[in-house]
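What follows is calculated from the coordinates using simple rules that are stated; it is not laboratory data. Source: prediction; values computed, not measured. Cβ atoms come from the backbone with ideal geometry, glycine included; neighbour counts cover every protein chain shown.
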């Protein structure tokens, strides 16, 4: 049997990949008679080069896919490209190349990188979100959702760069200036499209309880983002005005402690008051030029200006000042909050800064605890127990004090009592509120999917008719970064209204790129269908059985995909539409028939070097291409799986890579050395009765490793699977040329190669064929544990004397209690510790230990 003496990864990896391609090994179709498994790793942005984070992510997905295929499932593992987005525009400016050209060249290069790593993708399903054949269908669905009222248009504030004529995301505003040109950023109100994700808030929240295959951390992050709260909407009167000022609070029990009301700088009351107040006008202008994220609000200095207006307390009727404050966002609630400095830390900081009253209306439920902590009220200088409001707000719930008729109620009791009081007087009502806001999908950038709306002076916003889809984004454009090219192209935006036939203009905004990534997983199931968004094949494959990707996508991408899946589930074609209006499916059929897109989620850890995340800015990156060229793809894959469990961070270690390479060379050398004997043993079966004791022991250890590896594969503990492979290799390498050794070498290698194959598929493919095991390891039956091999002729027992280990003995596995006791007592070391003592009793724990009690 010809097996090259030297391990040459470049040669054998190219041969294996050619075999997979020629035999279309990873192309799959629907098979109702086989259990399906849909494994998907989050698709990459075509930035031009893979980094080690990509390599780890896609190796994890490929190991899972290959294992599931090898145990007999019908496995779908596709790959595509999240191709739209701002980085392509930045690269276009930097390199003076159209974003489309840059993107397609990167896709070609990265595809080659993925193929070089041997990932088992069904490449005939490949898609790129910038292809009109793809985004046509999200345009199609968008127009129908618009007609159903799940999409709407409203004016909303954005960060605007007056030099680049573009909207900036929060992270692109650096100290109030454009990150690219350093121009001062303005706040600008522009019309934008929104999708009603809030209509699904309750269902998205409840659905998290059923996602048992998701990390609890991710589910918690989504729960917090949705932010369901039960509270009370309260109407404060405003002096001299008929319209009340509404606020929402989850702590109505603190209502009697309100000492001011704060409104967002852009609130109508603040803007009106600013016409007579230059200080307020300046504050509003300053605040308006900065988009404040919620995260930033937590740590920034709290600032505000008194509007001069007074709000009237809904219970006491007392006037309290209304401040414009930088910690209130207009986008949340009514853009106003009731401020209770005694029981909210943010309000407390603001009140301390501006000399506003701080009143306690809640005390701890257990006064004794407060007394122990702070002393009595008199000892605390007249302060109420448990609340030193000179130091901080008291934010716990407790018992109401100084709250009129509501005093002495618990916070829970006061919630209902105050809500009822306000409702009876028309000043408030209970309400469920959400932190979640509708999804703004408009982007004033070029490289994205055009929003399929026509703006008509007479008819307003009109969806593009189905027979005119897709609205194709022009790709051959001159891109200078000053505004969007399509806004300067009359040939793109000039059109006629589908309703009245008059002159009209196409929408020149493009979709948020989260739109494309919210449904790509479903399109993979029927990418070749040019007549429908989805078809019945999605019913076979969906939901995705295993999704793999970074924790950084835990909120927005995953939440939007869950929302989009429900839109597709709830959508059916209307009677007026064509067959494709129902997605090419039977009348009344939804686009998908499941509730969730991803049944299980694995969030892999980061790749670190020298304790820090790999990044170009830190200068600590490792080029996968260099590693592959030096060691081969199997070594890179093996190291990334062996160095840490998938969900933990992986510390890059050059010596670890060398170690993985040495193991593969050792495997190859062993196979080369014993190739002839392994081939000759093909016709023989292991015979326990005719093998040396050392071979029996070795065989038992190999089958124990196999049993553990099967369990570890199921738990995705691939590092311990690799450890099992190394253990089997060590066992085989130590075998002497004794009775049954060659048969075990063949059996043991026939176990090791399938165990290793998902991680190191090229070398195992080659050795499987060359050693005569079969044509394709991918289709070989998964090795089964031989229960008879696990039987032990002898067992080792720990011997204790008075509870302390004093020796070890080996006894027959069939030995009775009397024989075990006698062997234990006869042990030389045990004799030393019982000499001169009386043995009171001997306790035998079968299969584990013997404890001798002696005095």
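Things worth noting here:
- Rounded to the nearest 10 degrees, the inclination of helix 216-226 to the longest alpha-carbon principal axis of the chain is 10 degrees.
- Distance from the range 1-47 to the range 787-855 (C-alpha centre basis), Å: 53
- Over the chain, the hull volume per residue, using the convex hull of the C-alpha atoms, is 247 Å³.
- The relative contact order of the range 652-790, computed from alpha carbon pairs under 8 Å that lie at least 6 residues apart in sequence, is 31 percent.
- Centroid-to-centroid, using Cα positions, the range 584-636 and the range 679-715 are 35 Å apart.
- The simple spin-label model puts a point 7 Å past each Cα toward its Cβ; for residue 689 and residue 780 those points are separated by 2.9 nm.
- 37 °C / 0.692 mPa s Stokes-Einstein diffusion coefficient of the range 1-148, Kirkwood radius on C-alpha pairs, µm²/s: 185
- Only Cα pairs under 8 Å and 6+ residues apart enter the sum, and on that basis the relative contact order of the range 210-292 stands at 16 percent.
- Between the Cα long axis of helix 741-756 and the first principal axis of the chain there is an angle of about 10°, rounded to the nearest 10.
- Using a cutoff of 8 angstrom between alpha carbon atoms and counting only pairs six or more residues apart, the relative contact order for the chain works out to 14 percent.
- Taking packing as the residue-averaged number of other Cβ atoms within 10 angstrom, the listed peptides 432-440, 174-182 run from highest to lowest as 432-440, 174-182.
- Cα centroid separation, the range 141-208 to the range 405-480 (Å): 10
- The packing ranking, built from the mean of other Cβ atoms within 10 Å per residue, places the peptides 480-492, 250-262, 534-546 in the order 250-262, 534-546, 480-492, highest first.
- Highest to lowest packing among 678-686, 115-123, scored as the average C-beta count within 10 Å: 115-123, 678-686
- Working note: Cα atoms of the range 652-790, range along each principal axis, descending, whole Å: 47, 30, 29.
- Against the chain, whose longest principal axis is taken from its Cα atoms, helix 556-570 shows a tilt of about 80°.
- Cα convex hull of the range 794-854 - mean projected area over all directions, nm²: 3.4
- Prolate/oblate/rounded call for the range 29-102, Cα gyration tensor, a/c under 1.5 rounded: prolate
- Of all DSSP beta bridges in the chain, antiparallel share, percent nearest 5: 75
- Kirkwood Rh (inverse of mean 1/r, distinct Cα pairs), the range 247-352, angstrom: 13.9
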